[in-house]
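The values are calculated or read from the model by the stated rules, or taken from the named source; none is laboratory data. Here the structure is a predicted model, which is why all the values come from computation and not from measurement. Every residue, glycine among them, receives a Cβ derived from its backbone with ideal geometry; neighbour counts consider all protein chains shown.
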Amino acid sequence: MKKAAIYARVSTADQHIESQLYDLRQLAEQRGFAVVKEYEDKGVSGLKARRPGLDALMADARQRKFSVVLVAAFDRLARSTKHFLLLVESLDSLGVELVSKREGLASGDAMGRLFMTIISAIAELERSLVVERVKSGMRRARLEGRQIGRTRLDVDREQVVLDRRSGMSLTQVAKKHNISRASVCRLVKEASAIPVPEVLNPPVGLAQQAGAGQ
């Protein structure tokens, strides 16, 4: 008999989580699963990646305390596609199957794998569209002559470096020039990376001539 865990979540405190638990207990009994533990998150949004109940479930999954997770619906586990796929992949890597009552799917069967493949493809398409929109926006900004990326600091960079090297603390230099401590560190690091040109010795002949003329 497979050991199963139940995960239930409600978004608001006035919602009742007992109905989910009752249905999932019945589902476990119908499928011949032995429920070893129930995990709950009450009044917690599915958009949050970190939740007490979900964190505890994943911790026990890593300890191989069960091989199946039962949920009332996939959106009880996660609202975002990215987070949902991450959880499914994590469970799959641990040999844990995800079963949803509402969708009637399990990550371990053929239809479940097909469903995961489809939503993975949709998620990849969403990522590609976002990247393309960002690139398009950057191209348009360049054509319009707008600043892209970090605005160049309007500060005497050499003086910042000199002040820091003179023994002033990061906080003192930052306050003096009205910039952040991180900016001070970056300017000093950039200055240190600039190679110092070597002082070339004059040719031997010229050096001898100069000595003879003294």
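Numerical summary
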quantity	calculated
Matching helices (runs of 4 or more DSSP H) fully within the stretch 1-105 where at least 3 residues are in contact (Cβ under 8 Å) with a residue 12 or more places away in the chain and over 27 Å from SER128 (Cβ atoms)	18-31, 52-62
Test for ALA56: is it in the same structural domain as VAL36 (by TED's automatic domain parsing) and surrounded by 15 or more Cβ atoms within 10 Å (Cβ to Cβ)	yes
Condition check for SER90: in the same structural domain as TYR39 (by TED's automatic domain parsing), out of contact with any strand residue (DSSP E or B) (no Cβ under 9 Å at 6 or more places or on another chain) and at pLDDT 80 or above	yes
Failed item in (1) more than 21 Å from the chain's Cα centre (by Cα); (2) at pLDDT below 90; (3) surrounded by 16 or more Cβ atoms within 10 Å (Cβ to Cβ); (4) not in a helix (DSSP H, G or I), with PHE115 passing the rest	(4)
Any hit, the stretch 42-49, residues being in contact with a strand residue (DSSP E or B) (Cβ under 8 Å, 6 or more places away or on another chain), at pLDDT 90 or above and of a type outside the set (Phe, Trp, Tyr)	yes
Lone unmet requirement of (1) at pLDDT 85 or above; (2) in a loop (DSSP other than H, G, I, E, B) for GLY149	(1)
Which listed residue is outside the structural domain of TYR7 (by TED's automatic domain parsing) and modelled with pLDDT under 80, from VAL134, VAL184, VAL130	VAL130
